[in-house]
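These notes are about the structure you will find just below.
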Amino acid sequence: MDAALAVDRQTQVAFLLRLADDHLILGHRLSEWCGHAPMLEEDLAMPNIALDLIGQARALYHYAGEVEGRGRSEDDLAFLRQEREYLNCLMVERPNGDFAHTMLRQFWFAAFMHAFWESASTSTDETLAGIAAKAVKETAYHIRHCGEWVIRLGDGTEESARRLKAAAQVLSPYLDELFDGDEVTAAISAAGIAPDPAALRPAFERTVSRVFSEAFLDMPVPAWPQIGGRSGRHTEAMGFLLTELQYMQRTYPGAVW
Amino acid sequence: MSATRGRPGGDSTPLWPAGHLPHKGGDQPVAWLSPITNIEERAVRERLLISPLVGEMAGRPEGGDVGQDVTTQDDRRRRRAFAAASSVPDPEIPCVTVADLGILRSVEIVDGVAVARVTPTYSGCPAVLAIELAVEASLLDAGFDARIERVMSPAWTTDWITAEGREKLREYGIAPPSKASSSIRSLFGQAQVDCPRCGSAETERLSEFGSTACKALYRCTACREPFDYFKCI
């Protein structure tokens, strides 16, 4: 079935950009650890995960540009939009904080994305299914790696457990946005292109509770959800992030190499 | 093409006397067709006429000579284009070619243009563009107008690495991926990674993420050597 026929083009582009922006922004945040990680293995691991995310983002931007049909390349979409045009969820743009905060955010994101990609690999949209089939395996590595760290920190020293618990507290208001639905997600899931995010909650919770029980960590009490990224309303961190991300293209417009 | 390779009927002496079976690695000359077939194209066969393995064996059951194909001019051009494209080495693991890795999906001649379909490996592999450029350059070198198409679906998996490619990886010191990555469970089951140097199964994972996006770092507890493991996806 031709996915382009099942939903209008604008909806499909918005859906793809949300997904791509999540991956680009989180990949950018993770890359900030390069050279600053607490040990050499982590200094390799975090940029490696960042590469996976940015690679997934590239494939999605490329496809979004094709669907949009206005001749925008993946670089145009990644680097030449205004803050309000980015549609990533708020969790991924949060500053890295400490190592526990970074790892827990990555673990939660991976746990969500794994369920998402697994379902999207049978998408009616063949291109998305191809991207998903690869991403689901890569995401499985991220879950394992970050999950091991969550357990190590939670079951580690008093200090590491305290930091992980604090991270869970700070991050929990941003979780709901992952599962939030609107007319875009409704149209996309009705067309069989991607799952309804709300339906992924049980799978997410299974993955998380397995790791949290080993980490002696409780899921934080649900807090008032922080949302807005999907419609381009971001936290104050986003402007600073984009300033750095877009620096080259803003300073040397059209630069290629 | 190495200068030491004799070409039957060509300008150098065959590497072994008639009646003796060639040994491993010694029978490449057979990759060339008989001097009276397609000599104008000097087309390389995609498969060796006889198996490259050592020993006495029947040709057909071993995937040897399957008989002469009736080839057309287009077919020969396509084969020549495929041979040119498939000889491109991976930029990060030069011991294997893009064909060994299963990255090169097909080469077709469309309206006189050689169209190579290439599939990216890991999403984050920075070599994707380099590979596409190298395949294009190789086709141009071989005298074709070339175009590269990137294929996203179906997604590449390490299962597509050929048996020959896996053997080359092992010889290079990289443990090839364990087979059957079709389910997530098998990705994380008790996959046994054998040391590519001493063959021992007594190995341990040092780091999930290694020198490139596609590799993890392992250590052999028998010979104590660290080594790369080509991750299964």
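The values are calculated or read from the model by the stated rules, or taken from the named source; none is laboratory data. Quick caveat, the model's predicted, so the values are computed rather than measured. Quick reminder, even Gly has a Cβ in these numbers, built from the backbone with ideal geometry, and neighbours come from all protein chains shown.
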Scanning segment A:69-118 residue by residue, those polar (S, T, N, Q), surrounded by fewer than 20 Cβ atoms within 10 Å (Cβ to Cβ) and farther than 27 Å from A:SER160 by Cβ turn out to be A:SER73, A:GLN82
Looking only at residues in segment A:137-185 that are of a type in the set (Phe, Trp, Tyr) and away from chain B (no Cβ under 14 Å), which one is farthest from A:HIS101 (Cα to Cα)?
-> A:PHE179
Extreme residue, nearest to A:ARG70 (Cα to Cα), among residues of segment A:1-22 that are free of Cβ contacts under 8 Å to residues at least 40 places away in the same chain and not in a loop (DSSP other than H, G, I, E, B) = A:GLN10
Quickly run through segment A:228-237 and pick out the residues that are touching a residue at least 40 places away in the same chain (Cβ under 8 Å) and more than 16 Å from A:LEU17 (Cα to Cα).
-> A:THR235, A:ALA237
Which fully enclosed helices (runs of 4 or more DSSP H) of segment A:26-114 have 3 or more residues being under 21 Å from A:LEU245 (Cα atoms) and within 12 Å of chain B (Cβ to nearest Cβ)?
-> A:40-68
Mind checking which residues of segment B:129-155 are without any contact (Cβ under 8 Å) to a residue 12 or more places away in the chain and crowded, with 16+ Cβ neighbours inside 10 Å?
-> B:SER153
Among the numbered conditions (1) within 13 Å of another protein chain (Cβ to nearest Cβ); (2) modelled with pLDDT of 95 or more; (3) more than 20 Å from A:ARG210 (Cα to Cα), tell me where A:LYS134 comes up short.
-> (2)
The correct count of residues that are more than 14 Å from chain A (Cβ to nearest Cβ) and at pLDDT below 90 in segment B:149-174 is 0
Candidate set: segment B:196-233, residues that are within 13 Å of chain A (Cβ to nearest Cβ) and modelled with pLDDT of 90 or more; chosen: the one surrounded by the most Cβ atoms within 10 Å (Cβ to Cβ) = B:TYR229
Does any residue in segment A:23-48 that is over 26 Å from A:ILE131 (Cα atoms) come within less than 6 Å, Cβ to Cβ, of a residue that is outside any helix (DSSP H, G or I) and at pLDDT below 95 six or more places away or on a different chain, and which pairs are these?
-> A:GLU41/B:SER207; A:ASP43/A:ALA37
Residue count, segment B:72-105, condition acidic (Asp, Glu) and touching a residue at least 40 places away in the same chain (Cβ under 8 Å), comes to 3
Out of contact with any helix residue (DSSP H, G or I) (no Cβ under 6 Å at 6 or more places or on another chain), part of a helix (DSSP H, G or I) and either at the interface with chain B (Cβ under 10 Å from one of its Cβ atoms) or at pLDDT below 95 (or both): does that describe A:ALA129?
-> yes
